[in-house]
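Chemist: Handing you this structure, nothing more for now.
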Amino acid sequence: MNKTLTSAAALVFSASIASASGPVAAPVPMTIVQLPATTSWTGFYAGGSLGFGSANYDIDGSYDNPGIPLTASLNLPDLGAQGVLFGLQGGYNHQLSNTWVVGAQIDAMGSNITNDTALNLAFGPNTVSGTYDLTVSSMYTLSGRLGYLTSPNTMIYGLLGVTRGNFSGAYNLTVNAVPVVNGNYDFSLNGMAVGIGMETMLNDHLSLGVEYRYNAMQRYTFYNGPLLGGDTLDVGFNTSVHTFRAMLNYRF
């Protein structure tokens, strides 16, 4: 009987503890938080650019007269030009991995990068004055780009491509303030473009970038032929154009 009373007391004590502590709570289910996916650089884009640039013209010439005989050559320092530029660009990127991006781009640029050259000579009462203006009016470039991702949203890249520049020239010569000759002309030069840049994604569609580009153009010949008869005169210049610009692109 004592065993029965003891067992009953233990049962009542256990029930009292359970009643005091209340019902046992069910375990809370675990939730796994998904991190946002890394933005992909793959896709088409288009945008505009604004910046400034400079052009250098390295003038050279040679004269040969086998009848005298006489041979001479001339090389002048670079004549500089500066101005603002604006443009449009579009292209396609393909992300190869977490660190590498390849792409192709075509862009068009207009500018007022102009060199102003003036000449004034005085011979007693007589004066000779001349001006020559040369402007990089537009450039078109097709390039390939290779980029390295320093972070998922920032890329540094290099580019290599072909470019075509359109130039316009204007000249004027007066003697004693009387016009002698004046006019204007246009010409185009082909060349190679190399550059470096950095681009950062602002959101899923907009990216902002900065870029430096060097354009080496082919030689332009002013004149190549006889001067007085049996002699030969060759005059021309080599051109290089440097551009710095900021770009805003919309990614589709």
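The values are calculated or read from the model by the stated rules, or taken from the named source; none is laboratory data. Quick caveat: nothing in here was measured; it's all calculated off a predicted structure. Here the Cβ is made from the backbone with ideal geometry for all residues, glycine too, and neighbour counts use every protein chain on show. Note: accessible area is taken over every heavy atom of the protein model, side chains too, but ligands, DNA and RNA are not part of it. Shrake-Rupley method; radii C 1.70, N 1.55, O 1.52, S 1.80 Å.
Chemist: Please give the residues of the stretch 97-125, grouped as numeric ranges, whose backbone N is less than 11 Å from a label point set 7 Å along the Cα-to-Cβ vector of M192.
Modeler: Answer for the stretch 97-125: none.
Chemist: Another question, then. Would you be so kind as to identify which of L208, L146, M198 lies farthest towards the positive end of the dipole of the stretch 127-215, taking Lys and Arg as +1 and Asp and Glu as -1 on Cβ and the Cα centre as origin?
Modeler: Towards the positive end, the residue furthest out is L146.
Chemist: By accessible area of protein heavy atoms, probe 1.4 Å, what ranking do L208, L79, L134 get, highest first?
Modeler: Most to least solvent-accessible, the answer reads L208, L79, L134.
Chemist: To the nearest 10 square angstrom, how much accessible area does V180 have with a 1.4 angstrom probe?
Modeler: 90
Chemist: Also: Please work out how much accessible surface Y63 shows to a 1.4 Å probe, ignoring ligands, DNA and RNA, in Å² rounded to 10.
Modeler: Solvent-accessible area, nearest 10 Å²: 40 Å².
Chemist: Another question, then. Return the FRET efficiency for the residue pair T71, Y140: r is the Cβ-Cβ distance, R0 is 30 Å, and the value is rounded to the nearest 0.05.
Modeler: Once rounded, the FRET efficiency stands at 0.15.
Chemist: Now for a separate question. Using a/c under 1.5 as the rounded threshold, could you call the stretch 94-215 rounded, prolate or oblate? The axes a ≥ b ≥ c are square roots of the C-alpha gyration tensor eigenvalues, and prolate needs a/b larger than b/c, oblate otherwise.
Modeler: Details: a/c = 4.38, a/b = 3.54, b/c = 1.24.
Cα axes put the stretch 94-215 in the prolate bin.
Chemist: Could you sort F86, F187, F252 by accessible area so the largest value comes first, with the probe set to 1.4 Å?
Modeler: Result of the area sort, largest leading: F252, F86, F187.
Chemist: Compute the accessible area per residue over the stretch 50-188, keeping the other protein chains in place, probe 1.4 Å, unit Å². Numbers along the way, then the final one.
Modeler: Values: 7580 Å² over 139 residues.
Normalised by residue count, the accessible surface of the stretch 50-188 is 55 Å².
Chemist: While we're on this one: Suppose every Lys and Arg Cβ carries +1 and every Asp and Glu Cβ carries -1, with no other charges. What dipole size does the stretch 94-252 come out with about its Cα centre, to the nearest 20 debye? Intermediate values should be presented prior to the final figure.
Modeler: Numbers: 6 positive and 9 negative charges, 62 e Å.
For this selection, approximately 300 debye.
Chemist: For S240 and V128, FRET efficiency with R0 = 25 Å and r from the beta-carbon atoms, rounded to 0.05? Walk me through the numbers before you get to the answer.
Modeler: Numbers: r = 31 Å, r/R0 = 1.23.
It comes out at approximately 0.20.
Chemist: Any idea which of N176, N238, G165 is furthest toward the positive side of the dipole for the stretch 156-252, if Lys and Arg beta-carbons carry +1 and Asp and Glu beta-carbons -1?
Modeler: So the residue we want is G165.
Chemist: May I pose another question? Name all residues of the stretch 155-169 having a backbone nitrogen under 18 Å from the label point set 7 Å from the Cα of V102 along its Cα→Cβ direction, giving them as ranges.
Modeler: 156-162
Chemist: Moving on. Heavy atoms of the protein only, probe of 1.4 Å, neighbouring chains included. What is the accessible area of T243 in Å², nearest 10?
Modeler: In the full protein context, T243 sits at about 10 Å².
Chemist: Further, regarding this structure: Counting only the backbone N, which residues of the stretch 126-161 are under 13 Å from the spot 7 Å out from the Cα of N182 toward its beta-carbon?
Modeler: Label zone hits: 129-133.
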